[in-house]
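The values are calculated or read from the model by the stated rules, or taken from the named source; none is laboratory data. Note that the structure is a prediction, hence the values are computed from the model and not measured. So basically every Cβ, Gly included, is an ideal-geometry build from the backbone, and we count neighbours across all protein chains shown. Heavy atoms of the whole protein, side chains included, go into the accessibility calculation; ligands, DNA and RNA do not. Shrake-Rupley method; radii C 1.70, N 1.55, O 1.52, S 1.80 Å.
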Amino acid sequence: MLIDFIINFCILFTFAILTYIPFQNKLNVYIPSSKYTPFILGLLSGLTGCLLMLTAINITDIVIMDGRMAVIALSGVLGGPFAPIISGIIIGVFRLFMYGYSTSALIAGSSTIIVGLVIGVCSWKKTMTFQNVPYFFGYSIIQTSIVLGFLGSWKFETSLAIISFIIFSIVSFSIIFITLKQLSSLFEKIKHIEEISVTDYLTGLYNNRKFQEHTQNLIAKNEIFSLLLLDIDYFKKVNDTYGHPVGDEVLKELALRMKDTSKPFGGIVSRNGGEEFSILLPNTTDEKALEVADLVRQSIEKKLFQISTGEKLDITTSGGISTFPQDAVTTHELYKLADEALYLAKTSGRNKVVHINQNILV
């Protein structure tokens, strides 16, 4: 019997791990479409439940013990309300005919279907998470124990079977539950590290590394796009007068305004270093890029920057633009040309935008 317990638990554990990682996209495993996830998970959970029943521990002639309830509960966490409903139906129908149709099989199968339906409906109103899934699982154990007692006429051996079932279910579920929680915590830390590696610590914008990656991706598509470089006018004066903490406040507010203004145009905003920022504008010609760049410039110029000292600062920016592929076809050349255009904007009076190809001032 111990071997049967181990086999059943191993199947349950394997199901939990192999469904958790890809369907929660913790390691960027490719899934065709998230809208199919509940149905795929429901089907996989159902098939796993059937496999668990095939390797179940026979307690009496009419009572078998396995980890199917854990599968149904976990499917709700991973796949949402539809998954436990689908898996409950599959497992319930399989239980009905597994040993041939009988009254006990009908009761056991119907109970499993009801468990799936109840968990699915309840999780529709309150999303299942690792925090509340033990309550759903506890419900399934209580109902199943009552059904086992009824089928076994509440005899002494039936009571022992119920106790064994409860212990096996709680132990196996607890091990899987703790493992998945630890995995979830680990993957969250990995995700955080990945985010830190591609974002600027102060503004939350993409950093120069991510800027390079996005630029290369746009070049690979071989579609027109523009690169806008922005630099804060006289930012050193702000730091010298008010200190670097206030300078950081300005940088963070500036980042928000650039993101908000360029977002409708698909702008990809990065902080490339110091007070220099960049905005990649996909599917944007030189003339359109100038329009967007001027909207960004105006969003910074027209509204004073409120700082922690209570004062309001007048901040302006200068910008330079280059466009792919008419001006250059490599990241280095695009950046160099946009930087030259930015220099022209600064030397011709600041608080303006210049396109390198047309020498247009805005």
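Worth pointing out:
- Selection count where residues are outside any strand (DSSP E or B) and not hydroxyl-bearing (Ser, Thr, Tyr), scope region 317-331: 5
- Within region 257-273, if we keep just the residues that are touching a residue at least 24 places away in the same chain (Cβ under 8 Å) and not in a strand (DSSP E or B), the residue that is surrounded by the most Cβ atoms within 10 Å (Cβ to Cβ) turns out to be Met258.
- Being open to solvent by 60 Å² or more (accessible area, probe 1.4 Å), more than 27 Å from Phe187 (Cα to Cα) and modelled with pLDDT of 85 or more is a description that does not apply to Leu2.
- Taken residue by residue, region 288-309 has at least one member that is at pLDDT below 95, assigned to a loop (DSSP other than H, G, I, E, B), over 35 Å from the mean Cα position of the chain (by Cα) and over 15 Å from Leu254 (Cβ atoms).
- Residue satisfying all of: in region 332-358; charged (D, E, K, R) and outside any helix (DSSP H, G or I); nearest to the chain's Cα centre (by Cα) among these: Lys352
- Any hit, region 77-98, residues being out of contact with any helix residue (DSSP H, G or I) (no Cβ under 9 Å at 6 or more places or on another chain), open to solvent by 20 Å² or more (accessible area, probe 1.4 Å) and either at positive phi or free of Cβ contacts under 8 Å to residues at least 40 places away in the same chain (or both): no
- Among the residues making up region 138-187, those that are in a helix (DSSP H, G or I), over 24 Å from Val71 (Cβ atoms) and either open to solvent by 90 Å² or more (accessible area, probe 1.4 Å) or in contact with a strand residue (DSSP E or B) (Cβ under 8 Å, 6 or more places away or on another chain) (or both) are Phe156, Glu157.
- Scanning region 29-56 for residues that are at pLDDT below 85 and hydroxyl-bearing (Ser, Thr, Tyr) yields Tyr30, Ser33, Ser34, Tyr36, Thr37, Thr55.
- Filtering Asn351, Asn283 for residues that are in contact with a Lys or Arg (Cβ under 9 Å, 6 or more places away or on another chain), at positive phi and in contact (Cβ under 8 Å) with a residue 12 or more places away in the chain leaves a single hit, Asn351.
- Filter result (in contact (Cβ under 8 Å) with a residue 40 or more places away in the chain, under 30 Å from Gln326 (Cα atoms) and exposed (fewer than 14 other Cβ atoms within 10 Å of the Cβ)) within region 198-253: Gln216, Asn222, Glu223
- Some residue of region 216-224 being at pLDDT 85 or above, polar (S, T, N, Q) and in contact with a helix residue (DSSP H, G or I) (Cβ under 8 Å, 6 or more places away or on another chain): yes
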